[in-house]
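The values are calculated or read from the model by the stated rules, or taken from the named source; none is laboratory data. Worth saying up front: this structure is predicted, and the values here are computed from it rather than measured. Quick reminder, even Gly has a Cβ in these numbers, built from the backbone with ideal geometry, and neighbours come from all protein chains shown. Just so you know, the surface numbers come from the protein's heavy atoms only, side chains and all, with ligands and any DNA or RNA stripped out. Shrake-Rupley method; radii C 1.70, N 1.55, O 1.52, S 1.80 Å.
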Amino acid sequence: MEMAWIWTGMVALSLVFGLLSGNLDAVANAALEGARSAVELSLAMAGVLCLWSGVMEIMNVCGLSAGLARLFRPLLRRLLPNASRDPETLAAVSANVSANLLGLGNAATPLGIRAARRMARGCGGTASDELCRLVVLNTASIQLIPATIASVRSAAGCAAPFDILPAVWMASALSVTAGLLASWALSRGRRER
(Lines give C-alpha, C1' and ligand atoms only; values in the text may rest on other atoms or scores of the structure.)
Protein backbone atom coordinates (compact mmCIF):
# COMPACT_ATOMS: atom_id res chain seq x y z
CA MET A 1 0.00 0.00 0.00
CA GLU A 2 2.92 2.34 0.71
CA MET A 3 4.18 2.00 -2.86
CA ALA A 4 0.79 3.18 -4.16
CA TRP A 5 1.17 6.34 -2.10
CA ILE A 6 4.75 6.86 -3.27
CA TRP A 7 3.80 6.49 -6.95
CA THR A 8 0.75 8.72 -6.51
CA GLY A 9 2.94 11.35 -4.84
CA MET A 10 5.50 11.18 -7.63
CA VAL A 11 2.83 11.63 -10.30
CA ALA A 12 1.21 14.49 -8.40
CA LEU A 13 4.56 16.25 -7.89
CA SER A 14 5.39 15.82 -11.59
CA LEU A 15 2.10 17.40 -12.56
CA VAL A 16 2.52 20.28 -10.09
CA PHE A 17 6.09 21.06 -11.21
CA GLY A 18 5.08 20.68 -14.86
CA LEU A 19 2.26 23.15 -14.31
CA LEU A 20 4.46 25.61 -12.38
CA SER A 21 7.27 25.49 -14.95
CA GLY A 22 4.93 25.67 -17.93
CA ASN A 23 5.95 22.22 -19.16
CA LEU A 24 2.69 20.39 -18.51
CA ASP A 25 2.50 19.30 -22.17
CA ALA A 26 5.99 17.75 -21.92
CA VAL A 27 5.01 15.89 -18.74
CA ALA A 28 1.84 14.55 -20.38
CA ASN A 29 3.77 13.49 -23.51
CA ALA A 30 6.42 11.76 -21.39
CA ALA A 31 3.72 9.88 -19.46
CA LEU A 32 2.06 8.69 -22.68
CA GLU A 33 5.41 7.72 -24.23
CA GLY A 34 6.36 5.81 -21.08
CA ALA A 35 3.05 3.93 -21.11
CA ARG A 36 3.48 3.05 -24.78
CA SER A 37 7.05 1.81 -24.19
CA ALA A 38 5.93 -0.27 -21.22
CA VAL A 39 3.23 -1.99 -23.27
CA GLU A 40 5.66 -2.67 -26.15
CA LEU A 41 8.25 -4.11 -23.76
CA SER A 42 5.65 -6.27 -22.02
CA LEU A 43 4.41 -7.71 -25.31
CA ALA A 44 7.92 -8.36 -26.59
CA MET A 45 8.91 -10.06 -23.32
CA ALA A 46 5.73 -12.12 -23.25
CA GLY A 47 6.73 -13.96 -26.41
CA VAL A 48 10.17 -14.91 -25.15
CA LEU A 49 8.86 -15.86 -21.69
CA CYS A 50 6.16 -18.02 -23.31
CA LEU A 51 8.84 -19.72 -25.38
CA TRP A 52 11.01 -20.52 -22.34
CA SER A 53 8.00 -21.53 -20.23
CA GLY A 54 7.10 -23.92 -23.05
CA VAL A 55 10.63 -25.29 -23.06
CA MET A 56 10.37 -25.78 -19.28
CA GLU A 57 7.04 -27.58 -19.70
CA ILE A 58 8.55 -29.88 -22.35
CA MET A 59 11.43 -30.57 -19.97
CA ASN A 60 8.89 -31.43 -17.25
CA VAL A 61 6.94 -33.78 -19.52
CA CYS A 62 10.00 -35.63 -20.80
CA GLY A 63 11.50 -35.89 -17.30
CA LEU A 64 14.55 -33.74 -17.98
CA SER A 65 13.77 -31.24 -15.19
CA ALA A 66 13.24 -34.11 -12.72
CA GLY A 67 16.63 -35.49 -13.76
CA LEU A 68 18.18 -32.08 -13.28
CA ALA A 69 16.59 -31.84 -9.83
CA ARG A 70 17.93 -35.33 -8.98
CA LEU A 71 21.37 -34.16 -10.02
CA PHE A 72 21.25 -31.37 -7.42
CA ARG A 73 19.94 -33.46 -4.53
CA PRO A 74 23.37 -34.61 -3.22
CA LEU A 75 24.59 -31.01 -3.09
CA LEU A 76 21.35 -29.80 -1.52
CA ARG A 77 21.54 -32.56 1.11
CA ARG A 78 24.87 -31.09 2.22
CA LEU A 79 23.63 -27.48 2.15
CA LEU A 80 20.23 -28.19 3.72
CA PRO A 81 20.56 -31.39 5.81
CA ASN A 82 17.36 -30.92 7.83
CA ALA A 83 15.23 -30.02 4.81
CA SER A 84 16.54 -33.02 2.90
CA ARG A 85 14.95 -35.36 5.44
CA ASP A 86 11.53 -34.46 4.03
CA PRO A 87 11.23 -35.74 0.43
CA GLU A 88 8.58 -33.16 -0.54
CA THR A 89 10.67 -30.26 0.74
CA LEU A 90 13.77 -31.57 -0.99
CA ALA A 91 11.81 -32.01 -4.24
CA ALA A 92 10.52 -28.41 -4.04
CA VAL A 93 14.01 -27.05 -3.32
CA SER A 94 15.51 -29.11 -6.15
CA ALA A 95 12.85 -27.94 -8.59
CA ASN A 96 13.37 -24.35 -7.43
CA VAL A 97 17.12 -24.54 -8.03
CA SER A 98 16.55 -26.19 -11.43
CA ALA A 99 14.11 -23.48 -12.54
CA ASN A 100 16.52 -20.77 -11.39
CA LEU A 101 19.33 -22.54 -13.22
CA LEU A 102 17.32 -22.24 -16.43
CA GLY A 103 16.68 -18.54 -15.74
CA LEU A 104 12.97 -19.01 -15.09
CA GLY A 105 12.64 -16.96 -11.92
CA ASN A 106 8.87 -16.68 -12.35
CA ALA A 107 8.53 -20.46 -12.42
CA ALA A 108 10.97 -20.86 -9.52
CA THR A 109 9.13 -18.54 -7.14
CA PRO A 110 6.14 -20.79 -6.31
CA LEU A 111 8.47 -23.73 -5.77
CA GLY A 112 10.67 -21.67 -3.47
CA ILE A 113 7.65 -20.46 -1.50
CA ARG A 114 6.41 -24.03 -1.11
CA ALA A 115 9.83 -25.17 0.12
CA ALA A 116 10.14 -22.20 2.49
CA ARG A 117 6.71 -22.86 3.99
CA ARG A 118 7.59 -26.47 4.61
CA MET A 119 10.96 -25.52 6.10
CA ALA A 120 9.39 -22.83 8.32
CA ARG A 121 7.20 -25.35 10.14
CA GLY A 122 8.48 -25.74 13.65
CA CYS A 123 10.74 -22.67 13.51
CA GLY A 124 8.58 -20.70 15.95
CA GLY A 125 8.44 -17.57 13.82
CA THR A 126 12.23 -17.23 13.47
CA ALA A 127 13.93 -18.28 10.26
CA SER A 128 16.33 -21.17 10.67
CA ASP A 129 19.82 -21.12 9.20
CA GLU A 130 18.68 -23.51 6.47
CA LEU A 131 15.72 -21.33 5.57
CA CYS A 132 18.08 -18.36 5.27
CA ARG A 133 20.36 -20.47 3.07
CA LEU A 134 17.38 -21.32 0.84
CA VAL A 135 16.61 -17.61 0.48
CA VAL A 136 20.26 -16.99 -0.45
CA LEU A 137 20.18 -19.81 -3.04
CA ASN A 138 16.92 -18.53 -4.48
CA THR A 139 17.98 -14.89 -4.57
CA ALA A 140 21.51 -15.35 -5.93
CA SER A 141 20.57 -18.32 -8.18
CA ILE A 142 23.17 -19.66 -10.56
CA GLN A 143 21.81 -19.35 -14.10
CA LEU A 144 22.91 -21.31 -17.13
CA ILE A 145 20.29 -19.81 -19.42
CA PRO A 146 19.24 -16.28 -18.37
CA ALA A 147 15.91 -16.40 -20.20
CA THR A 148 14.35 -13.35 -18.54
CA ILE A 149 17.38 -11.12 -19.10
CA ALA A 150 17.67 -12.33 -22.69
CA SER A 151 14.01 -11.53 -23.28
CA VAL A 152 14.48 -7.97 -21.98
CA ARG A 153 17.56 -7.54 -24.18
CA SER A 154 15.70 -8.95 -27.18
CA ALA A 155 12.73 -6.68 -26.56
CA ALA A 156 15.10 -3.71 -26.39
CA GLY A 157 16.38 -4.58 -29.88
CA CYS A 158 19.59 -6.45 -29.05
CA ALA A 159 20.79 -8.54 -32.02
CA ALA A 160 22.50 -11.15 -29.79
CA PRO A 161 20.61 -11.30 -26.47
CA PHE A 162 22.57 -14.33 -25.22
CA ASP A 163 26.04 -12.86 -25.73
CA ILE A 164 26.12 -12.06 -22.01
CA LEU A 165 26.32 -15.74 -21.00
CA PRO A 166 29.94 -15.78 -19.72
CA ALA A 167 29.34 -12.66 -17.61
CA VAL A 168 26.08 -14.09 -16.22
CA TRP A 169 27.74 -17.41 -15.38
CA MET A 170 30.61 -15.74 -13.55
CA ALA A 171 28.44 -13.19 -11.75
CA SER A 172 25.88 -15.75 -10.63
CA ALA A 173 28.53 -18.24 -9.45
CA LEU A 174 30.28 -15.49 -7.49
CA SER A 175 27.03 -14.22 -5.98
CA VAL A 176 25.95 -17.69 -4.85
CA THR A 177 29.40 -18.38 -3.40
CA ALA A 178 29.52 -15.05 -1.57
CA GLY A 179 25.95 -15.49 -0.30
CA LEU A 180 26.55 -19.00 0.98
CA LEU A 181 29.83 -17.99 2.65
CA ALA A 182 28.13 -15.02 4.32
CA SER A 183 25.24 -17.23 5.43
CA TRP A 184 27.65 -19.79 6.85
CA ALA A 185 29.73 -17.14 8.66
CA LEU A 186 26.69 -15.39 10.13
CA SER A 187 25.08 -18.63 11.31
CA ARG A 188 28.37 -19.76 12.84
CA GLY A 189 28.82 -16.40 14.58
CA ARG A 190 25.28 -16.52 15.94
CA ARG A 191 25.81 -20.02 17.33
CA GLU A 192 29.05 -19.00 19.04
CA ARG A 193 27.31 -16.23 20.99
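Here are a few things to note about the model shown:
- Boolean, Arg118 is open to solvent by less than 70 Å² (accessible area, probe 1.4 Å) and at pLDDT 80 or above: yes
- Filtered residues of the range 90-115 (kept if surrounded by 23 or more Cβ atoms within 10 Å (Cβ to Cβ) and without any contact (Cβ under 8 Å) to a residue 40 or more places away in the chain): Ala92, Ser94, Ala95, Ser98, Gly112, Ala115
- Of residues in the range 106-140 being closer than 19 Å to Ser84 by Cα and outside any helix (DSSP H, G or I), the one farthest from the chain's Cα centre (by Cα): Gly122
- Hits in the range 36-77 (condition: modelled with pLDDT under 75 and polar (S, T, N, Q)): Ser53, Asn60, Ser65
- Look at the range 150-179: where a residue is among the polar types (S, T, N, Q) and a partner is not in a loop (DSSP other than H, G, I, E, B), sitting 6+ places away or on another chain with Cβ atoms under 6 Å, you get Ser151/Met45; Ser151/Val48; Ser151/Leu49; Ser154/Val48; Ser175/Ala140.
- Pro81 passes every criterion in (1) part of a helix (DSSP H, G or I); (2) more than 18 Å from the chain's Cα centre (by Cα) apart from (1).
- Selection status of Leu13, assigned to a helix (DSSP H, G or I) and surrounded by 11 or more Cβ atoms within 10 Å (Cβ to Cβ): no
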